[in-house]
Amino acid sequence: MVPADRIIIFCLIVIIVCVALLFVLTYRTDGNVDEIAVTERETSTELIAEKSEKDKSDSVIEQKASKENKVSKSEPKAAEKLPSTTEEKNTEEAKATEKKVDVKVTVNSTKTETEKTESAKTQTNTKTTAKTETKTEAKTQKTTTQPKTETKTAAKTETTAQSKPSATVKTEKFNFPKAVNNAQLVFLFDDGGQSIKNLEEFLKLPFPITVAVLPDLAYSTESAKKIVASGNELMLHQPMQAQNLSVNPGKGAITPNMSYSEIVETIKKNLDQLPGVKGMNNHEGSLITSDELKMQAVLDAAGQKNVFFLDSRTTVDTKVPSVSMSMGRVWYERNGMFLDNKKTREEFLTQLRKNLDIANKTGCVIMIAHIWSADYLPALIKEVYPELKAQGYVFKTVSTSRGKKE
């Protein structure tokens, strides 16, 4: 047999374990859901207990009822016992119901608060989203209105542009006199051979010109080729000694101490540097052109090379006309004004008007300017050209003009 003390200890252990389990099951809380589960378990336990008590009561009542059939004295006690048991049952059921209701109310209130909170959050988010969308729509509308604004601005600009007449470049009217009998204008440009760039500015002029090139310069031959290739007229700008002996006329010059034959050979050599040359004129040379013997040698060399001579008339004492006539030579002479003694617009227009008067009186004017005036002179000539042409002036080279002398 098992000792009594061990049975007692085993029973105590079982009781402690049960109590502990009951405590854990009763008081453990893991949120509202756990409370509800515990409460339901408690309610279920109570109901089971009540049912058990009810069964016991019913059993007792049945026993008492059977005894009442036998003994009539026991009826009042049974009657008194029954109501008591019923009241206890109703009280316990009411308590259980209240607990359930409390639990349900708690759960419902918790759910309600949670739903309210979530609803509030939802409403807040909805408002925020709505505001954000409203702002976004406003920005979109502003962005959309910008092109309209730009369109309005563009339209306004176009309207303004249409309302205001476009600025036209005014061409100055020079009021040049009309040409008499198709008066001829000859533009002769001296000192070629020093710069190809400057030369090209004159070769762009819209009418035929004559260019005189100095000998023995870096660009003498190249300049000659460009002039001929452009369809313009080429001349030798023959250096000659001026009356001022301190003036150096340059390379290939004719000087006072040179013999007749030396003059002829120098001129022929200079002409050979310029392929396509048609004539020659003097560069400086006031001392030489006033010397009859030396001019005979110059005109003799020109005749041998079949080129004409143009007297630049650097001195009033020139012997070119008399020597040419005595030798039966054709010659030309400058009868117009130099165009660029002063490099200004006013000087150019003043001298040009004088030259137009000469052309209208004599039928032709030969006027001289210089290649080194390329920085302003070609532009001025292009500016006056349309009106000169409209007034009836004819543009010629030296050899094709009416300026020939016999």
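The values are calculated or read from the model by the stated rules, or taken from the named source; none is laboratory data. Predicted, not measured: the structure shown is a model, and the values here were computed from it. Virtual Cβ from ideal backbone geometry, glycine too; neighbours counted across all protein chains shown. Accessible surface is based on the protein model in full, side chains and every heavy atom, while ligands, DNA and RNA are left aside. Shrake-Rupley method; radii C 1.70, N 1.55, O 1.52, S 1.80 Å.
Condition check ((1) modelled with pLDDT of 95 or more; (2) among the basic types (Lys, Arg); (3) touching a Lys or Arg at 6+ places or on another chain (Cβ under 8 Å); (4) open to solvent by 80 Å² or more (accessible area, probe 1.4 Å)) across all residues:
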| site | (1), (2), (3), (4) |
| --- | --- |
| Leu339 | yes, no, no, no |
| Thr344 | yes, no, no, no |
| Phe348 | yes, no, no, no |
| Lys354 | yes, yes, no, yes |
| Ala359 | yes, no, no, no |
| Ile366 | yes, no, yes, no |
| His370 | yes, no, no, no |
| Ser373 | yes, no, yes, no |
| Ser399 | yes, no, yes, no |
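Counting only residues that are among the small types (Gly, Ala, Ser) and either in contact with a Gly (Cβ under 7 Å, 6 or more places away or on another chain) or open to solvent by less than 60 Å² (accessible area, probe 1.4 Å) (or both), region 319-330 holds 2 of them. Looking only at region 300-318, how many residues end up being over 19 Å from Thr397 (Cβ atoms), surrounded by fewer than 20 Cβ atoms within 10 Å (Cβ to Cβ) and not polar (S, T, N, Q)? Residues flagged as over 19 Å from Thr397 (Cβ atoms), surrounded by fewer than 20 Cβ atoms within 10 Å (Cβ to Cβ) and not polar (S, T, N, Q) within region 300-318 amount to 4.
Would you call Ala390 at pLDDT 95 or above, among the small types (Gly, Ala, Ser) and either in contact with a helix residue (DSSP H, G or I) (Cβ under 9 Å, 6 or more places away or on another chain) or surrounded by 18 or more Cβ atoms within 10 Å (Cβ to Cβ) (or both)?
Working: at pLDDT 95 or above: yes; among the small types (Gly, Ala, Ser): yes; either in contact with a helix residue (DSSP H, G or I) (Cβ under 9 Å, 6 or more places away or on another chain) or surrounded by 18 or more Cβ atoms within 10 Å (Cβ to Cβ) (or both): no.
It is false that Ala390 is at pLDDT 95 or above, among the small types (Gly, Ala, Ser) and either in contact with a helix residue (DSSP H, G or I) (Cβ under 9 Å, 6 or more places away or on another chain) or surrounded by 18 or more Cβ atoms within 10 Å (Cβ to Cβ) (or both).
When the test is whether a residue is within 17 Å of Leu217 (Cα to Cα), open to solvent by 50 Å² or more (accessible area, probe 1.4 Å) and in a loop (DSSP other than H, G, I, E, B), Lys251 passes it. Could you check region 219-233 and list, in sequence order, the residues that are open to solvent by 30 Å² or more (accessible area, probe 1.4 Å) and part of a helix (DSSP H, G or I)? Listed by number, the residues that qualify are Thr221, Glu222, Lys225, Lys226, Val228, Ala229. Candidates in region 169-206 are the residues that are surrounded by fewer than 17 Cβ atoms within 10 Å (Cβ to Cβ) and among the hydrophobic types (A, V, I, L, M, F, W, C); of these, the one that is farthest from Pro249 (Cα to Cα) is Val169.
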